[in-house]
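Accompanying notes for the structure given below.
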Amino acid sequence: MPKRILLIDDESDIREVASASLEIVGDFEVLTADSASAGLVVASREQPDLILLDLMMPEIDGCEALEDLKRNAATRHIPVIFLTAKALKIDVTSKSSSSSSQQQEQQPQQQK
């Protein structure tokens with residue numbers, strides 16, 4: 001019996017590609033949900049072996065969904081892996097640049 005994975009992502013293209021890849025390469029049974037709220041229902045009802053959870057979704061984001069999963073006795077035992085399409089290196093760099101700019105603006109100007 002193949003392992004069951006629940007993929008929760010609001011992007012249909014990502015759901016399609018990830019589902020096909022997992023089913024073909026990994027021989028997994030993939031369940032999908034297009035929102036965190038729908039995923040919470042599927043997780044409780046279907047009891048998958050693993051949840052792949054998009055971090056950035058409208059209404060309920062991945063962090064909030066994880067909190068809900070861990071509060072629910074029926075789903076708290078299911079392992080969760082976060083997914084994101086956002087490039088972290090760019091995020092860190094842009095935050096770092098932004099932070100440096102703010103620090104420079106906050107430093108008092110020396111008078112001559």
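The values are calculated or read from the model by the stated rules, or taken from the named source; none is laboratory data. Only a predicted model underlies this, so the values are computations on that prediction, with no experimental measurement involved. Heads up, the Cβs are rebuilt from the backbone with ideal geometry, glycines too, and the neighbour counts pull from every protein chain shown.
Restricting attention to region 61-80, the residues being touching a residue at least 12 places away in the same chain (Cβ under 8 Å) and within 11 Å of the chain's Cα centre (by Cα) number 6. Would region 43-57 turn up any residue that is at pLDDT below 95, under 16 Å from the mean Cα position of the chain (by Cα) and surrounded by fewer than 18 Cβ atoms within 10 Å (Cβ to Cβ)? Yes, that holds for at least one residue. Of the residues making up region 9-38, those that are assigned to a helix (DSSP H, G or I) and closer than 13 Å to I81 by Cβ are A18, L22. Of everything in region 20-42, what is over 12 Å from M57 (Cβ atoms), modelled with pLDDT of 95 or more and of a type in the set (S, T, N, Q)? Give them in sequence order. Selection gives T32 alone. Residues that are more than 15 Å from A65 (Cβ to Cβ), exposed (fewer than 13 other Cβ atoms within 10 Å of the Cβ) and touching a strand residue (DSSP E or B) at 6+ places or on another chain (Cβ under 9 Å) within region 22-42 comprise just one, G26.
Kindly indicate the residue of region 88-108 that is loosely packed, with under 10 Cβ neighbours inside 10 Å and modelled with pLDDT of 50 or more and also farthest from L7 (Cα to Cα) among those meeting that condition. By that ranking, first place goes to K89.
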